[in-house]
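The values are calculated or read from the model by the stated rules, or taken from the named source; none is laboratory data. If you're wondering where the values come from, they're calculated on a predicted model, not measured in any experiment. As a convention, Cβ positions derive from the backbone with ideal geometry for all residues, glycine included, and neighbour counts pool all protein chains shown. Quick note on the areas: whole protein, heavy atoms, side chains included, nothing else; ligands and nucleic acids left out. Shrake-Rupley method; radii C 1.70, N 1.55, O 1.52, S 1.80 Å.
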Amino acid sequence: MSQKSSDNIPIEHAQWDGIEAQEVISQYADMAGGLMEALHGLQAAFGYIPPESYPLLAEAFNLSKAEVYGVKSFYHDFRSQPAGRHVIKICQAESCQAMGSRSLTKHAEEMLGIRLGQTTMDGHISLEAIYCLGNCAVSPNISLDGRTQGRMTEAKFSDLVKRTEVQS
Amino acid sequence: MTALVKIYVPLETTALSMGADELVLALLNEAQKQGQDIEIIRNGSWGMSWLEPMIEVETEQGRVAYGNVTASDVEGLFRADFLKGGAHELCQGLTREIPYLKTQDRLTFARCGLIDALSLNDYQANGGFLGLKNALEMPPQDIVDQVTKSGLRGRGGAAFPTGIKWNTVLHAPSDQKYICANADEGDSGTFADRILMEGDPYSLIEGMIIAGLAVGATKGFIYLRSEYPLCREILSEALLNLRDQGFLGKNIYGSDKNFDIEVRMGAGSYVCGEETAMLNSLEGKRGMVRAKPPLPAIEGLFGKPTVVNNVLSLASVPIIMAQGSDYYQNFGMGRSRGTIAFQLAGNIKQGGLVEKAFGVSLRELIMTYGGGTFTGAPIKAVQVGGPLGAYLPNSDLDLPMDYEAFSEKGAVLGHGGIVVFDDGVDMAEQAKFAFDFCAVESCGKCTPCRIGSVRGSELMAHIQAGDNVAENLDMVRELCDVMETGSLCAMGGMTSIPVLSALKYWPDDFTGRSRK
């Protein structure tokens, strides 16, 4: 069991670094419609979209800062602040509902002492809703740090959470 | 050392989510311990998802399958001599003889599971690029006509005839045209696009190249949802391979035609599966729905004529071009021609992908293929066609899977997703969820959807609390009417379908009489 825990690599967060941000953005600046890719790139680098990057994005894509914020805030994926070290998303859509995702969610919330959309006080785990991981034949599904895990049960969930604790 | 044995272990999301990578390690370790030479081939999934990870061993008789294999089964499998196809409780027999698979009409998914998804040799040895070769020798109009004659309709849900869309783009004058593959498969209960992109990515790309030749487009985009990271890796590698081999870029396959493709990622927005929202997102904007007209075929991506097709529509084109429109057209019923990939999901024993000609009944899919509910409890409701599809009661399961038969019932076939619920489901809860989901995912452009969804959720909360139920239900009906007639796109316009179908078939769940 203990070897397996290394599969779930926690998300690293970098400190704001204007030069790095500019390097990320400039990869996409000449790409038609590249703002989305630039936002993905920034989030991969920093773990969220630092507000300090808005003016850089605005400059690169010839937009106003408001327009940049408008795009960033439209999409569920783009974060305004860093997530916890581990991110658990529990599918809330119909197929997983039919297999007990509502009670699984309740179990997760009780176990972690937080609600969907929150991060534990120690910054260890963020718990989030997701609407379909496309793994509906083996519902209910969750994802842990980007890895989908099928046929989730309360026991398996508790075990996964415990493994993240061993690891960090 | 004994002779080398080939073992197939899918590199596919479902298999991975059930431990395929750990299994590969265990197989390699055990083989080394036993002094046995094995080669592990990472194929796609056959779509028998409930058996994943399903591994196959190549024997003289053919590939023998073992289902639901975990790392802890590996020692036992070696003891049972599984490398020769030995008997074991997990053995499913020869893959091609498994009834679930054997009785399907595999056209679009012919290679899924069979081949190493990224092997161009495998792809070409199994009919890949025959369609493209034919298309390269045909004038654009003939390609469009062949697709039109095949009867292929959009597999994303709207079922618009693909050939007619292509014809509009072909005849729209422009210096630049685009092909966009909509890979934003957001409907719960659907995963066919994913299985195809992970298991046979070249077929999607071949379809896009053919579409480019047909309408005169030189640039394609695959708009992929961010929930599918493995698809991105596989598609990116597939595109590199094809550029290397001259199938993409300038002078494709030695012709004077050019075409190239980029993969772009969505960012968790459901409404971006709507084609005009998708185009805005591809342009790097908020995924707001556009009013139509103008149609994307006239003014699409960056204002240029654009073909927007679902992954499976595009992936069905190569076989149409390879085998001819009659071959494809001969499958199906009525105006629904060819095959569709059904996806069995939710509370189902044997969930997975079933590609069948149109006309098969919902009951046959759920009972014969799916084996009934996972829990063993009776079926209460079946939602077909994603979150905006109708909930159907057990008594309606004999409905043939056909676009027209479904729309007569006020239901939608959509992208072919089938989500089964057992008798534990509270349909008022599902109706409330339909509004909640719409509130979360609405792009906010039109008022009926943006505000109606929130009001609908509030009304449902009152109804669930037993508050002025009759009056509030009337308001829900009225609200549904407003949303249906006044919304810009299907998000707000079709949220009424799950709500009203739940209310129609299970009124007791709303009036509180059957509430626990």
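At-a-glance table
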read-out: Verdict on B:Gly512 being of a type in the set (Gly, Ala, Ser), at positive phi and surrounded by 13 or more Cβ atoms within 10 Å (Cβ to Cβ); value: yes
read-out: Residue match in the range B:429-452 (condition: in a loop (DSSP other than H, G, I, E, B), within 15 Å of B:Lys380 (Cβ to Cβ) and in contact with a strand residue (DSSP E or B) (Cβ under 7 Å, 6 or more places away or on another chain)); value: no
read-out: Options B:Ile222, B:Ile210: the member that is farther than 30 Å from B:Ala381 by Cβ, buried (at least 24 other Cβ atoms within 10 Å of the Cβ) and in contact with a Gly (Cβ under 8 Å, 6 or more places away or on another chain); value: B:Ile210
read-out: A:Met36 assigned to a helix (DSSP H, G or I) and open to solvent by less than 40 Å² (accessible area, probe 1.4 Å); value: yes
read-out: Among (1) under 16 Å from B:Lys432 (Cβ atoms); (2) of a type outside the set (Ser, Thr, Tyr); (3) out of contact with any Asp or Glu (no Cβ under 8 Å at 6 or more places or on another chain); (4) open to solvent by less than 50 Å² (accessible area, probe 1.4 Å) - the single one B:Gln464 does not satisfy; value: (3)
read-out: Hits in the range B:20-59 - residues which are acidic (Asp, Glu), open to solvent by 30 Å² or more (accessible area, probe 1.4 Å) and under 16 Å from B:Thr95 (Cα atoms); value: B:Glu58
read-out: Number of the condition not met by B:Phe160 [criteria: (1) more than 14 Å from every other protein chain (Cβ to nearest Cβ); (2) in contact with a Lys or Arg (Cβ under 9 Å, 6 or more places away or on another chain); (3) in contact (Cβ under 8 Å) with a residue 12 or more places away in the chain]; value: (3)
read-out: Residue ID - farthest from B:Pro139 (Cα to Cα), chosen from residues in the range B:235-254 that are in contact with an Asp or Glu (Cβ under 9 Å, 6 or more places away or on another chain) and either within 14 Å of chain A (Cβ to nearest Cβ) or surrounded by fewer than 16 Cβ atoms within 10 Å (Cβ to Cβ) (or both); value: B:Arg243
read-out: Whichever residue in the range A:105-140 is of a type in the set (A, V, I, L, M, F, W, C) and over 19 Å from the mean Cα position of the chain (by Cα) and, among such residues, is most open to solvent (accessible area, probe 1.4 Å); value: A:Met111
read-out: Looking only at the range B:446-496, and only at residues there that are of a type in the set (D, E, K, R) and closer than 21 Å to B:Gly186 by Cβ, the one that is nearest to the chain's Cα centre (by Cα); value: B:Glu484
read-out: Pair list, Cβ under 8 Å, 6 or more apart: the range A:67-93 residue within 11 Å of chain B (Cβ to nearest Cβ) and within 26 Å of A:Leu57 (Cα to Cα), other residue assigned to a helix (DSSP H, G or I) and of a type in the set (Lys, Arg); value: A:Phe78/A:Lys72
read-out: Residue check, B:Gly386 surrounded by 24 or more Cβ atoms within 10 Å (Cβ to Cβ) and out of contact with any Pro (no Cβ under 7 Å at 6 or more places or on another chain); value: yes
read-out: Residues located in the range B:47-99, provided they are within 14 Å of chain A (Cβ to nearest Cβ) and either without any contact (Cβ under 8 Å) to a residue 40 or more places away in the chain or of a type outside the set (A, V, I, L, M) (or both); value: B:Gly47, B:Ser49, B:Trp50, B:Glu52, B:Pro53, B:Gly67, B:Asn68, B:Thr70, B:Ser72
read-out: Filter result (within 11 Å of chain A (Cβ to nearest Cβ) and under 22 Å from B:Ala502 (Cα atoms)) within the range B:359-373; value: B:Thr373
read-out: Qualifying helices (runs of 4 or more DSSP H) (wholly inside the range B:269-374; at least 2 residues being open to solvent by less than 10 Å² (accessible area, probe 1.4 Å)); value: B:275-282, B:311-323
read-out: Of the criteria (1) of a type in the set (A, V, I, L, M, F, W, C); (2) under 20 Å from B:Glu441 (Cα atoms); (3) open to solvent by 20 Å² or more (accessible area, probe 1.4 Å), which one A:Ala155 fails; value: (2)
read-out: One residue from B:Ser501, B:Ser457, B:Ser496 being within 11 Å of B:Cys438 (Cβ to Cβ) and in contact with a Phe, Trp or Tyr (Cβ under 6 Å, 6 or more places away or on another chain); value: B:Ser457
read-out: Residues satisfying the stated conditions in the range B:126-150, i.e. small (Gly, Ala, Ser), buried (at least 17 other Cβ atoms within 10 Å of the Cβ) and either within 11 Å of B:Ile319 (Cα to Cα) or in contact with a Cys (Cβ under 7 Å, 6 or more places away or on another chain) (or both); value: B:Gly128, B:Gly131, B:Ser150
read-out: Filter pass, B:Asp398 being of a type in the set (D, E, K, R), open to solvent by 60 Å² or more (accessible area, probe 1.4 Å) and within 12 Å of another protein chain (Cβ to nearest Cβ); value: no
read-out: Filtered residue count, the range B:1-48, keeping only those that are of a type outside the set (S, T, N, Q) and assigned to a strand (DSSP E or B); value: 8
